[in-house]
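Trainee: Before anything else, here's the structure in question.
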Amino acid sequence: MTSKQNTAYKYCVHKFLINYSMNVQVDNSDYLNALITDKNGVERMDNRNRFLNSVYYDIYHKRPSSQSSNTTKSTTTSTSNKDKDVSKNNLENELKSIMDDFYKKEGIERPQNTEEPPFSPEEIRSEIEKLVGLSNIKEDIEALMDFVKIQKLRQEHGLAESSMSLHTAFLGNPGTGKTTVARLMGQYFKSLGVLKKGHIVEVSRADLVAQYVGGTAVKTNQVIDKALDGILFIDEAYSLLEGGDNDFGKEAVNILVDRMEKERNRLAVFLAGYTQEMEGFLESNPGLSSRVSRKFYFKDYTGSELLQMFENLLDKNQYTMDEKSLLKIEHYFDYLYDIRDDRFGNGRVVRNTFEKLIKAQSDRLAEEDNVTVDMLKIITCEDIEKSIPIDEIIVTSDKLDSIMQELDEYIGLGNIKEHIKTLVNLIKTNQKRLELGLPVKQMSYHAIFCGSPGTGKTSIARILGRIYQTLGILKKGHVIEVDRSGLVAGYVGQTEEKTSKILDEAMDGILFIDEAYALVGGNNDFGRNAIDTILKRMDDCRDRLIVIAAGYTNEMRTFINSNPGLKDRFNWVFEFDDYDGKELFEIFNTFAKKQQYVLNEEAKEQLTKHFHAVVNLKLEHFGNGRYVRNMFEKIVMQQSNRIGKNLNDVKREDLSTITAEDIANALLLI
């Protein structure tokens, strides 16, 4: 049905109800059949039919009986019947006129008459079963409805009923179907006669809380009145108490608790939101916790369930994908499920992904001259690759080889390269053992990186992250770099919060803590709180988090020995040696080539001697690669000073050549 037809229905029903409220008696419902279905027939469970069936049922099956039926039937009967017939005909004619004028004005076709009765419990139960996933929720609903049925039977047989409250907490991440389930439960309650209407009124804090004294009571009571005989669905209900004791949200909660008890036979309140926040919200108010004893836990959708929802979207919107494309989407949803956090969007992620693909397809087809109907339906691998980072997720056989080749190209680090190759072989061997059904001891990959600054520790951490991602050890393999300042706060309780936030960012990747020994302070130092928080997460999330603690060798030994938990959890130690003179010169050449500089022979000899001399000094905190980078920047600056005095006569090779003079002048600045 078009939006114009839908508007027409609601407009006509509204006009009808105005007349009906004036006590005009109507016995025949034929003329309202047009309000129930369109000419093609519609699915029984869409929103429009929920609204119209409710109106139809209330008007023709639950309206007050005619007053004339209880009065003495006398000679006035024929007159009353005539009056009623006239009223009925007038109303029918008025409604027909309203509908005809509206359809004519809007230029839309009037639907044919097809009567459709209200939903039965079996039909609604069938719709609930069709929902993707939510197996535990379906069981909870079935148990609740069985309880309702039994209590109704006891009532019909004159037996005492058990106290029955319909108030429920819906706990879970967004996009898990909470609102959809609430709507279906409303229809279920109505079909069983528990709630007269079964409609749902969805609100948030803004719909209940006012900004001035007295306003909240009015707003909250109006919303509750609107929800009577149905369901009041409050999303992010915990936000009502986020403003503190002086916030008007507390007043809304108190009114809600009072009305939940007084209207328990006419109102079901569903409180929805994130699990942790909702648990705290319910515990904060004894009135709430006692009235909302039932909790529905909405679990995150698995990768296969997300794919099923995606395929439903494809079918509903008349799009298709080949098997190869669907396999990529399946990998993507499995990946999203594996890396999910406590704010995972579930169904919203599916919808957003679908919309990205449609946009990519539209962009692609816009470049085509002749677009066929089949082309409009197909979403291709090209659309997927442009919409989502699928290449970063799907691991190919050559990806690991490419990363290992990149590792080999690093200057020096011979022992580190061998260490990593041994680690990779161990992981691959264990994976093969698992594949063949052999036992494998669970491994921990937390590591200590010891060595002077500038020896490549951060670069190797990034390489390791990519290797772990390729081997399936980590889903993302990204690296979050922090030091003490990024973890420790200045007040009690803030360090744990600050550290936890960083750990959340590092999930499914590597947390790289530079100068980790700085976290070890005195007995009252907050750095120890950071260490304790990290240690707990290292155990709790060992399959999703790798921690690398880095720093000078001696200081890192002190760090490890400062806490027994640290020594137990860091199983791998990587010793980063200082670069020798030759390696430092190679690093300098790498910087130079990237910027298209060349050293003349005299400059090469002078720079080589300098690097060997620096290494022989064995400085305690020598900067290694950082020293080379700083040296390169100073040399380039001196070269610019030399040639900048007479730029008019400078040739291309002059701009690229570094001389011994440039090096000598740069050394004076160190």
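To keep it simple, each residue is scored yes or no on (1) touching a Ser or Thr at 6+ places or on another chain (Cβ under 8 Å); (2) open to solvent by 60 Å² or more (accessible area, probe 1.4 Å); (3) more than 29 Å from Thr422 (Cα to Cα).
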{"site": "Asp578", "(1), (2), (3)": "yes, yes, no"}
{"site": "Ile587", "(1), (2), (3)": "no, no, no"}
{"site": "Arg629", "(1), (2), (3)": "no, yes, yes"}
{"site": "Ser640", "(1), (2), (3)": "no, no, yes"}
{"site": "Lys645", "(1), (2), (3)": "no, yes, yes"}
{"site": "Ser656", "(1), (2), (3)": "no, no, yes"}
{"site": "Ala664", "(1), (2), (3)": "no, no, yes"}
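Trainee: Still on this structure: Restricting the search to segment 211-235, which residues are open to solvent by 60 Å² or more (accessible area, probe 1.4 Å) and over 29 Å from Gln187 (Cα atoms)?
Mentor: Listed by number, the residues that qualify are Gln211, Tyr212, Val213.
Trainee: Something else about it: Just to verify a result, which residue in segment 484-502, among those that are touching a Leu at 6+ places or on another chain (Cβ under 9 Å) and under 30 Å from Tyr337 (Cα atoms), is most open to solvent (accessible area, probe 1.4 Å)?
Mentor: Lys498
Trainee: Also, I was wondering about something else. Identify the residue in segment 466-516 that is within 20 Å of the chain's Cα centre (by Cα) and of a type in the set (D, E, K, R) and, among all such residues, is farthest from Asp543 (Cα to Cα).
Mentor: Selected residue: Lys501.
Trainee: Name every residue in segment 559-581 that is touching a residue at least 12 places away in the same chain (Cβ under 8 Å) and either in contact with a Pro (Cβ under 7 Å, 6 or more places away or on another chain) or among the charged types (D, E, K, R) (or both), in order of residue number.
Mentor: Hits for segment 559-581 are Arg569, Glu575, Asp577, Asp578, Asp580.
Trainee: Go through (1) open to solvent by 50 Å² or more (accessible area, probe 1.4 Å); (2) not in a strand (DSSP E or B) and name the single condition Tyr238 misses.
Mentor: All conditions are met except number (1).
Trainee: Determine, yes or no, whether His446 is surrounded by fewer than 18 Cβ atoms within 10 Å (Cβ to Cβ), in contact (Cβ under 8 Å) with a residue 12 or more places away in the chain and not acidic (Asp, Glu).
Mentor: Answer is no for this residue.
Trainee: Go through (1) surrounded by 19 or more Cβ atoms within 10 Å (Cβ to Cβ); (2) outside any loop (DSSP other than H, G, I, E, B) one by one and return the number of the condition Asp258 breaks.
Mentor: Asp258 satisfies every listed condition except (1).
Trainee: Oh, and also: Tally the residues that are open to solvent by less than 10 Å² (accessible area, probe 1.4 Å), in a helix (DSSP H, G or I) and touching a helix residue (DSSP H, G or I) at 6+ places or on another chain (Cβ under 8 Å), restricting the search to segment 453-480.
Mentor: Summing the residues that are open to solvent by less than 10 Å² (accessible area, probe 1.4 Å), in a helix (DSSP H, G or I) and touching a helix residue (DSSP H, G or I) at 6+ places or on another chain (Cβ under 8 Å) in segment 453-480 gives 4.
Trainee: Right, something else. On the given criteria, is Arg351 basic (Lys, Arg), assigned to a helix (DSSP H, G or I) and within 21 Å of Leu326 (Cα to Cα)?
Mentor: It is true that Arg351 is basic (Lys, Arg), assigned to a helix (DSSP H, G or I) and within 21 Å of Leu326 (Cα to Cα).
Trainee: Let me ask something else. Residue under question is Lys386, and the condition is that it be under 14 Å from Tyr468 (Cβ atoms), among the charged types (D, E, K, R), out of contact with any Asp or Glu (no Cβ under 7 Å at 6 or more places or on another chain) and open to solvent by 50 Å² or more (accessible area, probe 1.4 Å); does it hold?
Mentor: Considered against the rule, which asks whether it is under 14 Å from Tyr468 (Cβ atoms), among the charged types (D, E, K, R), out of contact with any Asp or Glu (no Cβ under 7 Å at 6 or more places or on another chain) and open to solvent by 50 Å² or more (accessible area, probe 1.4 Å), Lys386 comes out as no.
Trainee: Residue under question is Leu314, and the condition is that it be open to solvent by less than 20 Å² (accessible area, probe 1.4 Å) and touching a residue at least 12 places away in the same chain (Cβ under 8 Å); does it hold? Give the steps one after another, and end with the answer.
Mentor: On the way: open to solvent by less than 20 Å² (accessible area, probe 1.4 Å): yes; touching a residue at least 12 places away in the same chain (Cβ under 8 Å): yes.
Yes.
Trainee: For the condition hydrophobic (A, V, I, L, M, F, W, C), out of contact with any Gly (no Cβ under 9 Å at 6 or more places or on another chain) and farther than 30 Å from Leu336 by Cβ, what is the one hit in Leu282, Leu232, Leu241?
Mentor: The conditions single out Leu232.
Trainee: What pairs can you find where one residue is in segment 603-628 and under 23 Å from Tyr552 (Cβ atoms), the other is part of a helix (DSSP H, G or I) and open to solvent by less than 60 Å² (accessible area, probe 1.4 Å), and their Cβ atoms are less than 6 Å apart, with a gap of 6+ or different chains?
Mentor: Pairs found: Phe611/Gly581; Phe611/Leu584; Phe611/Phe585; Val615/Gly581; Gly625/Ile587; Val628/Leu584; Val628/Ile587; Val628/Phe588.
Trainee: Tally time: how many residues in segment 178-235 are more than 16 Å from Leu144 (Cα to Cα), small (Gly, Ala, Ser) and outside any strand (DSSP E or B)?
Mentor: Looking only at that region, the number is 7.
Trainee: Also, I was wondering about something else. I'd like the residue in segment 584-609 that is basic (Lys, Arg) and under 24 Å from Ser459 (Cβ atoms) and, out of all such residues, is nearest to the chain's Cα centre (by Cα).
Mentor: If we take residues in segment 584-609 being basic (Lys, Arg) and under 24 Å from Ser459 (Cβ atoms), then Lys594 is nearest to the chain's Cα centre (by Cα).
The values are calculated or read from the model by the stated rules, or taken from the named source; none is laboratory data. None of these values were measured; they are calculated from a predicted model. All Cβ positions, even for glycine, are placed from backbone atoms using ideal geometry, and neighbour counts span all protein chains on display. Side chains are part of the model used for accessible areas, which takes the heavy atoms of the whole protein and leaves out ligands, DNA and RNA. Shrake-Rupley method; radii C 1.70, N 1.55, O 1.52, S 1.80 Å.
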